[in-house]
Amino acid sequence: MQPKNVKHRVYIEKGRKSVYAASIDWPGWVAQGDSDTASLQNLYNIAERYAKVMHAAQIDYSMPISRTDLEVIEILEGGYATDLGGPRATPHFDLSPMSEKEFSAYQELMMAIWRAFDTAVLSSDGKQLNPPIKGGLIDTYAVIDHLIQNDQSDLERLGATYRLRLYSNPLDELRDIREAMLRAMTRAAFHKIPSRELLGEIWTVRSFIRKIAWHTLSHAWEIEDRLTD
């Protein structure tokens, strides 16, 4: 498939040590660097890898032909989490309402990313993972458990809760929490989020999808990159 010459809208999130470049319109397409230039170059470098995830789900994603096709439309100030945990700032686009057609497209995108993670997990069956970097996750089961714990916590940012079933197979837990996320996303997109005391920070559904897509895909690629024969 030949890439089309299209501009991709991008925002920059700047921490003290880490800078993230992220696509506005394609959640999960995110790259880290130590400067604006480095993060944009890294974002361009992983476009083909992101394209494989989208194209496997028959989603019409067009790769940038050159780095100049990445158009920075917003620069955001990051915080502590930017340096240690990943992108957290909210681009202004995430505050805009969402149509049913757009929400359906987001659902398809999330399914594609979840499928990419599941494929990575299946590919790792019976294989060892190369040692992680200092402070990294030990093995595939640790990655899955980390993802579940993170998704459970992030659901609260949509005013939802999920009680862990503690299945013997963590993939069953992952299946159920994904269903809970889809329900919470639908409610957040088209209905009012219930007001509760001590609810804490509430995200828009766009921000929630952006965070979950980045986190899930980054761990899918981590598993792929750490696989040993």
Next item on the list: Answer yes or no: is there a residue in region 122-132 that is free of Cβ contacts under 8 Å to residues at least 60 places away in the same chain, outside any loop (DSSP other than H, G, I, E, B) and either in contact with a Pro (Cβ under 6 Å, 6 or more places away or on another chain) or at negative phi (or both).
Entry: yes
Notebook entry, point to check: Just to be sure, is THR119 of a type in the set (Ser, Thr, Tyr) and assigned by TED's automatic domain parsing to the domain that holds ALA213?
Noted result: yes
Note to self: Take ASP60 and tell me if it is charged (D, E, K, R) and farther than 26 Å from ASP154 by Cα.
What the structure shows: yes
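Could we say that LYS101 is surrounded by fewer than 19 Cβ atoms within 10 Å (Cβ to Cβ) and in contact (Cβ under 8 Å) with a residue 60 or more places away in the chain here? Working first, answer last.
On the way: surrounded by fewer than 19 Cβ atoms within 10 Å (Cβ to Cβ): yes; in contact (Cβ under 8 Å) with a residue 60 or more places away in the chain: no.
So LYS101 does not fit the description; no.
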Notebook entry, point to check: What number of residues within region 18-75 are more than 22 Å from LEU109 (Cα to Cα) and of a type in the set (Ser, Thr, Tyr)?
Noted result: 6
Item checked: Number of positions in region 189-207 that are closer than 10 Å to ARG157 by Cα and modelled with pLDDT of 90 or more -> 4
Note to self: Looking for something of a type in the set (Val, Ile, Thr), buried (at least 20 other Cβ atoms within 10 Å of the Cβ), closer than 20 Å to ILE212 by Cβ and not assigned by TED's automatic domain parsing to the domain that holds ARG210 - is there at least one such residue anywhere in region 31-51?
What the structure shows: no
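The values are calculated or read from the model by the stated rules, or taken from the named source; none is laboratory data. Since we're looking at a predicted model, the values are computed, not measured. Ideal geometry is used to build each Cβ from the backbone, glycine not excepted, and the neighbour counts take in all protein chains shown.
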